[in-house]
Each structure stands twice: as C-alpha cells, then as structure tokens.
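Worksheet: the structure to be examined is printed underneath.
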Amino acid sequence: AILVAAIIYLKFDTLKELILSNDDDISATHGGSNDIVQMVQDNDKNYLVLYASQTGTAEDYAKRFAKELKSKFGLNVLCQDVENVDLENLHNLPPHIIVSFFISTYGEGDFPDGAVNFEQYLSTAQLSDLKYTLFGLGNYTYEFFNMAAKKALKMLTEADATLIGKLGLGDDGKGTTEEDYLSWKEETLETLHGFINLSEESTGF
C-alpha cells in the first residue's frame, strides 16, 4: 500500500492529465479537409501540437503535453499526426498560435515513415511568422542520436521560424526519456509565459 501510494504521489501530474481529459478534447472535426489551418480555425483552436511517431512514443508524449496545456491552462489544443494533415498552408497559421513538435528518430537518423512528406515540406518551407517548441525522442546507442529532431530544428531555423525555449532530447538508450521530457516541459512552459498568458486553472485537485 505504501509503495502504491508513493507511485501515485510521484506520478500525480501524469495521472491527473489522464483523468481530466481524453483524446476527444484535443482532436478536431473537419468536413473532408485535412488542411491544418482550416482545422485550427474551424474548431476554434488556439494551440497546435504536431507529432511524427514511428512506434507511438512520440504520439504519447505529444498527447500528454496537449492534455496538460488544456487541463492546466485552459488552452483549446489541437493535437495531430503530421501523416494525417496537410501542412502546405502552415505558413498561414495565425501568428498567435504556437506549434509544439514531437519528433522521433527512426533507422539511420531518419524521420518516421509517416513523416516523409513533413520532412520534404520543411526542406522548402518559409515560416517567418511561426513560433514553435520542439522535443525529440531517440536513443544514444545509435550513431545518429535524435537526428530527425535535429534536422527539423535546422530546417525550421532556415525557414526563419522562431524556437521557443530549447530543443528537448529524450534518450531511451539511457532510460531517461521521462526525466528528459519533464525537464524540457518545465523549462518550456516557463518560457511560454512570455508568449502567451498561461495561468493555471482550478481543476478540483
């Protein structure tokens, strides 16, 4: 009983995220269009989380982050797989909407299979009005550690997008992905205070 209580205490924030919301809260309805800007506008979203995931880990962390933004700060967040949306109009995203990217590395430093079009898009994009955060998931035992996220950072920088905070690097090889994420999240949320009004809402806990 003591062990269970200790686990609940240590994982309280994570459990609260799962209890307070489900995927419906961070999804969107759309009338046959996958245009990301239209989805944001039609569903009155004010924050965007995009993930590129091979095995589902990046997806899990992206959804956790999105749910916390909603439950703790009251943001109306849209969370989507880059494979399932059309990003061609991302440069037309309203400038007050910040995008958080979660990108895993696959194979020899590659983007996930479903993110090939996303990588191609970033290679030629112009995103001077875009403000974003970025968390990568990788494994230090591979030669190209977190290379997909690092490539994304390089391309987004060349596209004139503005990085908020620092690039986060989760390391499954050391078994510290959770700790890496929590450290990045804390610093990122603190930095986001300077860009949007983050005031914690009462959740009854």
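Among the listed residues 67, 72, 131, which satisfies the condition of being out of contact with any helix residue (DSSP H, G or I) (no Cβ under 6 Å at 6 or more places or on another chain), within 17 Å of residue 51 (Cα to Cα) and crowded, with 17+ Cβ neighbours inside 10 Å? Even if it seems obvious, please write down each step before you answer.
Details: 67 fails: out of contact with any helix residue (DSSP H, G or I) (no Cβ under 6 Å at 6 or more places or on another chain); 72 fails: within 17 Å of residue 51 (Cα to Cα).
Selected residue: 131, the only one of 67, 72, 131 that is out of contact with any helix residue (DSSP H, G or I) (no Cβ under 6 Å at 6 or more places or on another chain), within 17 Å of residue 51 (Cα to Cα) and crowded, with 17+ Cβ neighbours inside 10 Å.
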Next on the checklist: Among the numbered criteria (1) modelled with pLDDT of 95 or more; (2) open to solvent by less than 50 Å² (accessible area, probe 1.4 Å), which one does residue 119 miss?
Outcome noted: (2)
Next on the checklist: Restricting to the range 108-133, name every residue that is over 17 Å from residue 167 (Cα atoms) and under 17 Å from the mean Cα position of the chain (by Cα).
Outcome noted: 112, 114, 115, 118, 119
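Look through the range 170-201, keep the residues that are hydrophobic (A, V, I, L, M, F, W, C) and without any contact (Cβ under 8 Å) to a residue 40 or more places away in the chain, and return whichever of them is surrounded by the most Cβ atoms within 10 Å (Cβ to Cβ). First the steps, then the outcome.
Looking only at the range 170-201, we keep the residues that are hydrophobic (A, V, I, L, M, F, W, C), and these are 182, 184, 189, 192, 195-196, 198.
Next, only the ones that are without any contact (Cβ under 8 Å) to a residue 40 or more places away in the chain stay: 182, 189.
Values: 182: 14, 189: 17.
Step by step, filter the range 170-201, then rank; the result is 189.
The values are calculated or read from the model by the stated rules, or taken from the named source; none is laboratory data. Note that the structure is a prediction, hence the values are computed from the model and not measured. For neighbour counting, all protein chains shown are included, and Cβ atoms are generated from backbone atoms with ideal geometry for every residue, glycine included. With ligands, DNA and RNA removed, areas are computed over all heavy atoms of the protein, side chains included. Shrake-Rupley method; radii C 1.70, N 1.55, O 1.52, S 1.80 Å.
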